[in-house]
């Protein structure tokens with residue numbers, strides 16, 4: 001099989017390689033520009049079920065919606081949707097679901113087409129009990145308010161224990177004095 005030689009249209013091998021790499025780079029940057037990897041920021045990674053969670057994000061695709069969710073072993077808990085500004089950043093406050101089971105989760109930001117564009121490991125703990133009486137076994141109990149009064153603790157004041165401690169301390173001091181006064185026996 002013979003090919004026609006069109007020298008005017010034929011690229012030299014180094015130019016052909018450069019053109020191929022340039023085309024591949026252009027395609028790669030076009031695909032990468034579809035979703036930029038963003039960064040999620042939280043004041044704390046220890047979340048409490050039922051609490052409000054301030055979330056900040058940056059380096060996302062400009063002016064695009066993102067869905068925030070907690071991904072755990074039992075599935076995803078939706079936290080809501082935010083929209084990035086002209087710089088690709090957002091600030092929002094979302095509510096951690098009250099029924100979120102305690103455990104480890106990932107806070108996930110998902111783009112409009114379902115691609116995950118950022119995530120952060122977090123821990124969710126159970127909602128704090130507002131009233132101690134709501135805890136099983138604590139009905140009818142009253143809690144004292146904190147004061148500056150010292151605690152009245154019952155302590156063992158057996159004379160045998162007290163004299164045993166004093167005698168032990170005295171023997172230790174006497175043994176230390178004897179050891180300090182004894183001349184060092186060396187090789188002299």
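Identify, by number, the condition in (1) at pLDDT below 90; (2) under 14 Å from residue 121 (Cα atoms) that residue 30 doesn't meet.
Looking at each condition in turn, residue 30 falls short on (2).
Against the definition (touching a strand residue (DSSP E or B) at 6+ places or on another chain (Cβ under 8 Å), surrounded by fewer than 19 Cβ atoms within 10 Å (Cβ to Cβ), free of Cβ contacts under 8 Å to residues at least 60 places away in the same chain and closer than 16 Å to residue 120 by Cα), how does residue 101 come out, yes or no?
Working: touching a strand residue (DSSP E or B) at 6+ places or on another chain (Cβ under 8 Å): yes; surrounded by fewer than 19 Cβ atoms within 10 Å (Cβ to Cβ): yes; free of Cβ contacts under 8 Å to residues at least 60 places away in the same chain: yes; closer than 16 Å to residue 120 by Cα: no.
So residue 101 fails the test.
Do any residues in segment 49-64 that are on the phi < 0 side of the Ramachandran plot have Cβ atoms under 6 Å from those of residues that are exposed (fewer than 15 other Cβ atoms within 10 Å of the Cβ) and not in a strand (DSSP E or B), where the two are at least six apart or on different chains, and which pairs are they?
The qualifying pairs are 49/98; 49/126; 62/86.
Evaluate segment 70-84: report whether one residue or more is part of a loop (DSSP other than H, G, I, E, B) and either within 13 Å of residue 53 (Cβ to Cβ) or modelled with pLDDT of 90 or more (or both). Quick ask: steps written out before the conclusion?
Step one: of segment 70-84, the residues part of a loop (DSSP other than H, G, I, E, B) are 73-74, 84.
Okay, now just the ones that are also either within 13 Å of residue 53 (Cβ to Cβ) or modelled with pLDDT of 90 or more (or both), so 84.
The answer is yes; a qualifying residue exists.
If the requirement is being modelled with pLDDT of 60 or more and outside any loop (DSSP other than H, G, I, E, B), which of these qualifies: 21, 40? Give the derivation first.
On the way: 21 fails: modelled with pLDDT of 60 or more.
Sole residue among the options that is modelled with pLDDT of 60 or more and outside any loop (DSSP other than H, G, I, E, B): 40.
For segment 125-184, how many residues are surrounded by 10 or more Cβ atoms within 10 Å (Cβ to Cβ), at pLDDT below 85 and under 43 Å from the mean Cα position of the chain (by Cα)?
Residues in segment 125-184 being surrounded by 10 or more Cβ atoms within 10 Å (Cβ to Cβ), at pLDDT below 85 and under 43 Å from the mean Cα position of the chain (by Cα): 6 in total.
The values are calculated or read from the model by the stated rules, or taken from the named source; none is laboratory data. Bear in mind the structure is a predicted one, so any value in this text is a computation, not a measurement. Glycine gets a Cβ as well: all are built from the backbone with ideal geometry, and neighbour counts include every protein chain shown.
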